[in-house]
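Colleague: First, the structure itself, so that you have it in front of you.
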Amino acid sequence: MGDIADVEADAIVNAANSALWMGSGVAGAIKREGGSQIESEAVSKGPIAVGEAVATSAGFLKAKWVIHAAVMGQDLKTDGTKIQMATISSLRLAAELNAESIALPSLGTGVGGFPMRRAAEIMIQVALDHANRLNRPRHITFVLFSEDCKEAFDRALEKAGKRVEVSG
């Protein structure tokens, strides 16, 4: 399945905590591939409120920016509202950066332990709402870590009545 650290997009999203330190999961992959300067830059901009997002450079990654979406606090717990707000903040920040493309992981479903199916429904709805209001970013891609995750996002798209591509 996909590794967000390898994606060619203007911006990629890191599923962050509010202190913006980068541990395991998506954050760990981004830090490993992009370099520790991404974490240093992120931490210097924090802490931020859960649901908010900040952008940093992307180090050695193919992307221009890493958007750090605080989907959980330092307790590493999340819920649907936090996932919704972090997704909204990520897409808004990408638009402010004039990013043409953004790649998002499934927020809150790794370390945060949130149910994949529900996270997919929330994130798909936010992405569709955003796309209907703004023309940036033009390309929204979900980079998913397993076949189960891809199936959850495909089902959420079907439920929303939309036919678009979900990248695995």
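Colleague: Taking a ≥ b ≥ c as the square roots of the Cα gyration tensor eigenvalues, with a/c under 1.5 meaning rounded and otherwise prolate when a/b beats b/c, else oblate, which class fits segment 10-168?
Modeller: Prolate is the answer for segment 10-168, as a/c is 1.5 or above and a/b outweighs b/c.
Colleague: Rounded to the nearest 0.05, what FRET efficiency is calculated for ARG32 and LYS77 with R0 set to 22 Å and r the Cβ-Cβ distance?
Modeller: Computed FRET efficiency for ARG32 and LYS77 comes out at 0.35.
Colleague: Could you run the Karplus curve 6.51 cos²θ - 1.76 cosθ + 1.60 with θ = phi - 60° over segment 69-77 and give me ³J(HN,Hα) per residue in whole Hz, x for Gly and Pro?
Modeller: My calculation for segment 69-77 gives 9, 6, 9, 7, x, 5, 6, 6, 10 Hz in order.
Colleague: Quick one: which residues, 5+ away or cross-chain, put their amide H under 5 Å from the amide H of LEU144? H built at 1.01 Å from N.
Modeller: GLY2
Colleague: Show me, for segment 37-44, the HN-Hα J-couplings you get by feeding each phi into the Karplus relation (A = 6.51, B = -1.76, C = 1.60, θ = phi - 60°), rounded to Hz, glycine and proline as x.
Modeller: Going residue by residue, I get 5, 5, 5, 4, 5, 5, 4, 5 Hz, with x marking Gly and Pro.
Colleague: Here's another thing I want to ask about it. Under 5 Å between amide H atoms, partner at least 5 residues away or on a different chain: which partners does SER101 have, H built in plane at 1.01 Å?
Modeller: Excluding prolines and chain starts, which carry no amide H, the hits are ASP10, ALA11, ARG138, HIS139.
Colleague: Under unit Cβ charges (Lys, Arg +1; Asp, Glu -1), what dipole magnitude, rounded to 20 debye, does segment 4-160 have relative to its Cα centre?
Modeller: 220
Colleague: Once you have the Cα-Cα distance between ASN135 and ASN98, take 0.36 nm times their residue separation minus that, and quote the gain in nm to one decimal.
Modeller: 12.3 nm
Colleague: Between GLU151 and ASP6, what is the label-point separation in nm under the 7 Å Cα-to-beta-carbon projection?
Modeller: 2.3
Colleague: Also: Mind giving me the nanometre distance, one decimal, between the label points for SER24 and LYS62, set 7 Å out from Cα along Cα→Cβ?
Modeller: It is 2.7 nm.
Colleague: Treating cross-link reach as a plain straight distance, find the aspartates and glutamates whose alpha-carbon is under 18 Å from the alpha-carbon of LYS77, omitting any fewer than eight places away in the same chain.
Modeller: Straight-distance partners of LYS77: GLU52.
Colleague: Here's a follow-up. Once phi is turned into θ = phi - 60°, what whole-Hz ³J(HN,Hα) does the Karplus curve with 6.51, -1.76 and 1.60 give for every residue of segment 104-118, x standing for Gly and Pro?
Modeller: Ordered by residue, 3J(HN,Hα) equals 10, x, 7, 5, x, 9, x, 4, x, x, 6, x, 4, 4, 5 Hz.
Colleague: Using Cβ counts within 10 Å as a stand-in for footprinting exposure, how do MET116, MET123, MET72 rank, fewest first?
Modeller: In increasing order of surrounding Cβ atoms, one gets MET116, MET72, MET123.
Bear in mind that the values in this text are calculations on the coordinates, not laboratory data. What you see is a predicted model, and the numbers here were worked out from it, not measured in a lab. All Cβ positions, even for glycine, are placed from backbone atoms using ideal geometry, and neighbour counts span all protein chains on display.
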